[in-house]
Amino acid sequence: MIFPEYRARRLRKTPALRSLVQETRLSIRDFIYPLFIFPGKGKQEIPSMPGVYRLGVEDLAGEIKEIEKLGIPAVMLFGLPKFKDAVGSEAYKEKGVIQQAVRSIKAQKSSLAVICDLCLCEYTDHGHCGKLENGELDNDATLEILAEVVVSQARAGADLVAPSGMIDGQVQAIREALDEHGFEGIPIMAYSAKYASAFYGPFRDAAQSAPQFGDRKSYQMNPPNVREALREIQLDIDEGADIVMVKPALAYLDVIARARMECNHPIAAYNVSGEYSMIEAAARAGFLERERTIMEVLTAIKRAGADMIISYYAKEMAKVLEK
Ligand SMILES: [Zn+2]
């Protein structure tokens with residue numbers, strides 16, 4: 001049937017009709033809220049991410065209660081250690097900032113799923129995602145450090161671990177370390193297709209993790225590639241990933257869609273700092289209608305095929321979405 005018998009506009013006539021034929025709906029149960037945690041007390045707004053704060057681990061309880069009350073099912077923790085060194089040793093200390101944070105959330109009997117980001121760039125003095133050898137990332141030596149980090153996160157009570165460094169073999173190394181230490185029940189959310197993206201700029205400000213020299217292009221993916229993303233995703237699944245991730249989200253919706261078509265594992269998408277800051281800046285300048293833009297972007301990420309979305313907008317979405 002074609003025009004004039006078929007008229008596509010018939011189903012767009014009223015809000016009720018539009019609602020009935022709406023194909024994608026966001027739920028607050030889809031969201032994961034990222035938290036940047038430093039030792040001690042207090043809270044600091046991140047200059048390039050207005051409305052997003054770094055939080056002191058000793059002041060975490062109220063924030064966790066609020067997130068839980070809003071119906072958000074999970075938090076993802078990033079640590080800002082007091083000391084950094086060449087191998088990122090604060091990342092696997094029993095009293096490291098993330099280990100303390102997980103313990104305090106668990107002591108609160110929170111029902112939130114606690115996801116620990118698993119990388120070294122926030123903990124190394126050079127800002128790269130692992131151990132360096134002659135100025136280059138030493139892949140296999142880094143795996144040994146990640147294995148130590150993951151065990152310390154598991155001991156603290158992490159519900160999920162999320163390796164984000166794009167180190168070859170990291171999922172396998174982490175799975176083995178977890179299993180050897182009796183943590184075979186802890187799932188891995190792998191940052192499988194993580195691109196070397198300009199959209200991470202504000203995060204580096206938030207996590208104080210900008211590389212001191214060079215960049216991350218030798219381990220993160222080259223933005224023009226999508227078939228390579230599918231290989232990375234398959235490798236991580238073969239190594240034992242339970243959830244795979246595409247990061248960033250907005251400029252990579254095609255990657256999410258391809259991943260959705262070609263794999264049956266749950267897919268997470270990271271609505272990254274630059275995607276947040278871009279909307280905030282444009283809205284402040286009066287160039288975009290803020291709430292509609294946020295909703296459109298997040299809906300698009302879900303429509304592309306993401307099962308869950310890591311987003312700085314999670315708390316705000318809780319106020320507009322039905323539970
Ligand atoms: Zn990293």
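What is the sum of charges around S218, taking Lys and Arg as +1, Asp and Glu as -1, for the other residues whose C-beta is under 15 Å from the C-beta of S218? That works out to -4.
In this simple spin-label model, placing a label point 7 Å from the Cα along the Cα-to-Cβ direction at both I2 and N225 gives a separation of 4.4 nm. Once the chain from Q108 to K41 is taken as fully extended at 0.36 nm per residue, the excess over their C-alpha distance is 22.4 nm. Each label was represented as a point 7 Å from its Cα along the Cα-to-Cβ direction; for E176 and Q208 these points are 3.4 nm apart. Looking at the calculated P(r) for segment 209-254, what percent of the C-alpha pair distances fall above 12 Å? Summing the P(r) tail past 12 Å for segment 209-254 gives 70 percent. Taking amide hydrogens as placed 1.01 Å from N in the peptide plane, the amide H of K84 sits under 5 Å from that of no residue at least 5 positions away in sequence or on another chain. Keeping the other protein chains in place, figure out the carbon and sulfur percent of the accessible area of the chain, with a 1.4 Å probe. Result for the chain: 51 percent of the exposed heavy-atom area is carbon or sulfur.
Phi-derived couplings, Karplus 6.51 cos²θ - 1.76 cosθ + 1.60 at θ = phi - 60°, listed residue by residue for segment 268-281: 9, 10, 9, 7, 6, 3, x, 5, 5, 5, 4, 5, 4, 5 Hz, with x used for Gly and Pro.
Computed with a 1.4 Å probe over protein heavy atoms only, the accessible surface of the chain comes to 46 Å² per residue. Residue ranges 177-185, 239-247, 128-136 sort as 239-247, 128-136, 177-185 when ordered by packing (mean number of other C-beta atoms within 10 Å per residue, highest first).
Shown here are the Rg and Dmax of the Cα trace of segment 1-114, at 22.1, 70 Å. Values of log10 I(q)/I(0) for segment 25-320 across q = 0.07, 0.08, 0.09 Å⁻¹ run -0.23, -0.30, -0.39, by the Debye formula with one identical scatterer at each alpha carbon and no solvent.
Amide H contacts under 5 Å for L118: A162, S164, restricted to partners 5 or more places along the chain or on a different chain, H placed in the peptide plane at 1.01 Å from N. Site pair E148 and T299 shows an inter-label distance of 4.9 nm when each label is modelled 7 Å from Cα along Cα→Cβ.
The values are calculated or read from the model by the stated rules, or taken from the named source; none is laboratory data. What you see is a predicted model, and the numbers here were worked out from it, not measured in a lab. A quick note on method: Cβ atoms are made from the backbone with ideal geometry, for glycine too, and the neighbour counts reach across all protein chains shown. These area figures cover heavy atoms from the full protein model, side chains too; ligands, DNA and RNA do not enter into them. Shrake-Rupley method; radii C 1.70, N 1.55, O 1.52, S 1.80 Å.
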